[in-house]
Structure formats: C-alpha cells, structure tokens
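Here's the structure we're looking at; comments come further down.
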Amino acid sequence: MNSVNVYDILQERGFIEQVTHEEEVRELLRNEKVTFYIGFDPTADSLHVGHFLQLMVMSHMQRAGHKPIVLIGGGTAMVGDPSGRTDMRKMMTREQIEHNAECFKKQISKFIDFSNGRALMVDNSDWLLKLNYVEFLREIGVHFSVNRMLTAECFKSRLERGLSFIEFNYMLMQSYDFLELFRKYNCRMQMGGNDQWSNIIGGVELIRRVEGAEAYGMTFTLLTTSEGKKMGKTESGAIWLDPEKTSPYEFYQYWRNIHDNDVEKCLALLTFIPMDEVRRLSSFRDARINEAKKILAYEVTKLVHGEEEALKAQRAAEALFENKGDAESVPGIEVGADEIKDGIKLVDLLVKAGLTPSKSEARRAVQQGGVYLNDEKISDIEYVVSAGNFSEGALMLRRGKKNYCRVRVV
C-alpha cells in the first residue's frame, strides 16, 4: 500500500463531505486493500462533469491500491432516484437505459484501469430485474422503518410536492445493491455524492442487520460554485464528457472562464496537480489568475479528451483571445456552397453552429446585441448570411464574448 493514506489525500483535496465511521475508515484504507463501489444511473447517453468528480475519487482510490466496482444502474434507472430532485424523473424504456449504459461503460473505461482484475464493472439489472417482489419485501423490506425513511433528506424535500410509491422503493433497491456487492465481491464501502447519504446509510445498516458485518459509507462534495450553484451548466445545457455533445473546445472554455473564487476548488478536485502547486496557482490575483485558469482548463480537458484535443483547444483559445495560436483549431462547422449561394438565415446558422439551442434563443441573442459576424455586430433578426460574408471560404461567427464558431464553405 502507499505510505500516504488515500483518506488524507481525499480530505486535503476537499472531496470528503460525510463518512459513517471516520477513524475506522481511515485505518481500513491505511492497512487494507478495500473493494468499494460507486453507482452511476444511466439516465442520459453521456456522463457529465458531476460524474467526473466521482471518477476522480475512484481514480485516487485505485492509485492507492484499492479496488473499484463501477455499478451501472440498469435496474435502478427504471425506478429513478428522487435524491436532489423536486419532481419525478421521466420514465425511460429498457432499450433507452441499455443504450445509455453502454455509453457510460465506454466513457468510464477511459478513466479506470480494468486490466488484470484491478476494477470491476457490473450492472444491477442483473439481480434487480429478477427479484421476486414478495420475497424482496420479506427479506429486505422488513429491515426498513417507514418513519425513519420519511425523515431522510431525499424524501423529506419531496413530501409536499408528492412522492410516488415507485420512487419510495429506490432506497431499498440501492441498499440491496450494496448487500449484493458485499456478498459477491466482499465490497465493504459505498461512495457517492453528498445527495446519496441517506441511501448509503440504508445499505450500511442493511448489511449490519442481515449479515452482522461492518460496512462503510463516504460521500463527497457536490461540484458547486463559490455561490453554491451546481457547476457544469451553461446557457446551452449541461457540460458533457461526450465530445459529440460538448466539444473539447467548449469544454476547455468552460473551465477557462470559471469565477476566480472557484479556481482552487476545481484544481484540487478535478486535476492530479500536487496540492502545494494548487495553492501556489490559486494565490494568483487579478490578471495573473488567468494563468491558473489556463492550466486548469488544459489539465481537465487532457484528462477527459486526451492531450491532443487539449492542445487543440488551447491553441484555438489563444488564436481567438491572444492573437496567437492556430485559428484552424477553432471549433467549426461546414456549410454547402449551394446553401450559401441561396443565403442562410443568421438565426438558422446560429443553431446549426451550436451557439444557441433554438431559433427563439438565437433571435433573442441577436436582439440583445450579442451576435457578431467577423467581429461586426448584427442586430437584424432577419439577416441572411451570403457568399459576400465569407473571406477565403470562411467566416467567424460569435455569440457573446467567448463563444466562437468558424464556418467554412465546402
């Protein structure tokens, strides 16, 4: 085992929010190789930056010699986790869930080493979808107090708006997952975001009641800004790890543009930069803090999209904002010569370029004076882009100060 305890690493970097038995967990992680798990419900076809924080925890644990189990929630996703939500999740079909689960598996394999049994990936649909409901109630349901469940944060916040019975089962299912992984793989610890605390406690107590054994839980901080808002959202939606949904350039720019107050937290949680260097970079003030943001953006993009894409994103940003670098690396789209010959509406081009999610949003951006063609502000929502706007077969379309798209004619 490493001489430095991974518990202390996670604590110093600011991951740990709550832990069931602090001293026992610290000793366990110091003296033994522990099998632990984190669950990912495939409710979309890509992981997002909130999941990335959990993958970083997993990676720190694996580097210290512990064994991760990635639990894909193919079964729990059919019910939907009420934690942290004010309304019920949309019900998904089995096919949607299976497709999303495959996408998750591919993405997670980039961050965790599964070679030579160093990690496992399992899907809870393998056992949850085969359960006999009455047997489940008799073996598992008997150990849960409804009174106690109703005091759990994930349910309490929903009681006024209405909590469906299907969601009420979620805690039992997640607790059963922990029991199943304990029995099959001697998995002794469950980790997750802080919104999972009630569900994790449920599993720890279930193992103690059914198996008479000790199990442990740890939650880590949710990725929020210094103002307490969830990170990873932009005007056009979530920041995804899939490059088809959020381009490496957009991903890079998101971290490059975070608030000064969030730099230290993000460097600590989302990179492997040593903490002495994190503190040095975070001490920069005024214009110098931009150096730290560039390092953050490059390091996170490199982890998620690889060094080549991180360098391309960096060069594109330098070309646009510092008059150096490579304009060819600026994210772009291609339009057909016939489209340009007949002209294309600016609002349509904004949507096609991914700078706005919809035509109505594009019209609003134009009306508010936030849209530029080759650095010239366009305020006419009926404006038509034609061949005359292109120089050497390309033009630069911009929304706001920092969202660019290079449009090329093919």
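Odds and ends about this structure:
- Any hit, the stretch 264-272, residues being surrounded by fewer than 17 Cβ atoms within 10 Å (Cβ to Cβ) and at pLDDT 95 or above: yes
- Residue in the stretch 316-335 that is small (Gly, Ala, Ser) and modelled with pLDDT of 90 or more present: no
- For residue 228, the conditions (1) part of a loop (DSSP other than H, G, I, E, B); (2) surrounded by 14 or more Cβ atoms within 10 Å (Cβ to Cβ); (3) of a type outside the set (Ser, Thr, Tyr) all hold with the exception of (2).
- Filtered residues of the stretch 299-319 (kept if closer than 16 Å to residue 246 by Cβ and part of a helix (DSSP H, G or I)): 300, 301, 302, 303, 304, 305, 309, 310, 312, 313, 316, 317
- Filter result for the condition that a residue is at pLDDT 95 or above and among the hydrophobic types (A, V, I, L, M, F, W, C), over 213, 238: 213
- Residue list for the stretch 28-46, restricted to those being surrounded by fewer than 22 Cβ atoms within 10 Å (Cβ to Cβ) and touching a Phe, Trp or Tyr at 6+ places or on another chain (Cβ under 9 Å): 28, 30, 34, 35, 44, 45, 46
One line per residue, one yes/no per condition, for (1) assigned to a helix (DSSP H, G or I); (2) farther than 25 Å from residue 398 by Cα; (3) in the same structural domain as residue 177 (by TED's automatic domain parsing); (4) under 17 Å from the mean Cα position of the chain (by Cα):
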| residue | (1), (2), (3), (4) |
| --- | --- |
| 214 | no, yes, yes, no |
| 243 | no, no, no, yes |
| 246 | no, no, no, yes |
| 264 | yes, yes, no, no |
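- Within the stretch 114-158, the residues that satisfy the criterion of being among the hydrophobic types (A, V, I, L, M, F, W, C), at pLDDT 85 or above, in contact with a helix residue (DSSP H, G or I) (Cβ under 8 Å, 6 or more places away or on another chain) and not in a loop (DSSP other than H, G, I, E, B) are 120, 121, 122, 127, 128, 136.
- Residue within the stretch 262-279 that is among the charged types (D, E, K, R), over 17 Å from residue 313 (Cβ atoms) and in contact with a Ser or Thr (Cβ under 6 Å, 6 or more places away or on another chain) present: yes
The values are calculated or read from the model by the stated rules, or taken from the named source; none is laboratory data. Model, not experiment: these values are computed from the prediction. For neighbour counting, all protein chains shown are included, and Cβ atoms are generated from backbone atoms with ideal geometry for every residue, glycine included.
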